[in-house]
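Visitor: Input: one structure, supplied below.
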Amino acid sequence: FPFTANGKALILGEQVGKVKVIVEPKYQEIVGISIIGPYATELIGQGTVMIHTEVTADIMRDYIAAHPTLSEAIHEALMQAVGHAVHA
């Protein structure tokens with residue numbers, strides 16, 4: 001999910017970057033996340049928690065991210081990984 005589609009990144013003028021979430025298709029388990037760009041170190045903690053707790057995409061689908069925030073990019077990347085992206 002590109003930062004160019006994230007409202008907070010646009011506000012900050014930080015449009016270079018992206019988030020990718022990898023979901024195991026059978027059980028919808030989140031097995032990987034990569035974040036490239038500014039504030040990546042601030043965002044990766046959320047991905048670490050999702051992987052460590054073995055949360056599924058089905059559970060995270062109902063997660064509501066505050067707007068506008070960079071963390072919305074994680075949720076959008078997750079939705080993109082399972083074919084439900086809103087802003088991609």
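Visitor: If you scan the stretch 29-44, which residues turn out to be of a type in the set (G, A, S) and in a helix (DSSP H, G or I)? Break it down stepwise before answering.
Guide: Keep residues of the stretch 29-44 that are of a type in the set (G, A, S), which gives 32, 34, 37, 40.
Within the stretch 29-44, just A40 meets the criteria.
Visitor: Quick check on my filter: what residues within the stretch 48-88 are aliphatic (A, V, I, L, M), in a loop (DSSP other than H, G, I, E, B) and either loosely packed, with under 14 Cβ neighbours inside 10 Å or modelled with pLDDT of 90 or more (or both)? Spell out the reasoning first.
Guide: Quick first cut of the stretch 48-88, residues aliphatic (A, V, I, L, M) only: 49-51, 55, 57, 59-60, 64-66, 70, 73-74, 77-79, 81-82, 85-86, 88.
Checking the rest, the ones that are also in a loop (DSSP other than H, G, I, E, B) come to 55, 64-66, 70, 82, 85-86, 88.
Across the stretch 48-88, the qualifying residues are V55, I64, A66, L70, V82, V86, A88.
Visitor: Run E76 past the list (1) free of Cβ contacts under 8 Å to residues at least 60 places away in the same chain; (2) touching a Phe, Trp or Tyr at 6+ places or on another chain (Cβ under 7 Å); (3) of a type outside the set (A, V, I, L, M) and report the number of the one that doesn't hold.
Guide: Only one criterion is unmet by E76, namely (1).
Visitor: Go through the stretch 15-41 residue by residue and tally those that are more than 18 Å from A66 (Cα to Cα), touching a residue at least 12 places away in the same chain (Cβ under 8 Å) and not hydrophobic (A, V, I, L, M, F, W, C). Even if it seems obvious, please write down each step before you answer.
Guide: Going through the stretch 15-41, the residues more than 18 Å from A66 (Cα to Cα) turn out to be 15-18, 20-38, 41.
Now narrow it down to the ones that are touching a residue at least 12 places away in the same chain (Cβ under 8 Å): 15-18, 20-23, 27-38.
Still in the list and also not hydrophobic (A, V, I, L, M, F, W, C): 15, 17-18, 20, 27-29, 32, 34, 37-38.
Residues flagged as more than 18 Å from A66 (Cα to Cα), touching a residue at least 12 places away in the same chain (Cβ under 8 Å) and not hydrophobic (A, V, I, L, M, F, W, C) within the stretch 15-41 amount to 11.
The values are calculated or read from the model by the stated rules, or taken from the named source; none is laboratory data. Owing to the predicted nature of the structure, the values given are computational and were not obtained by experimental measurement. Positions of Cβ are generated from backbone atoms using ideal geometry, with glycine treated the same way; all protein chains shown enter the neighbour counts.
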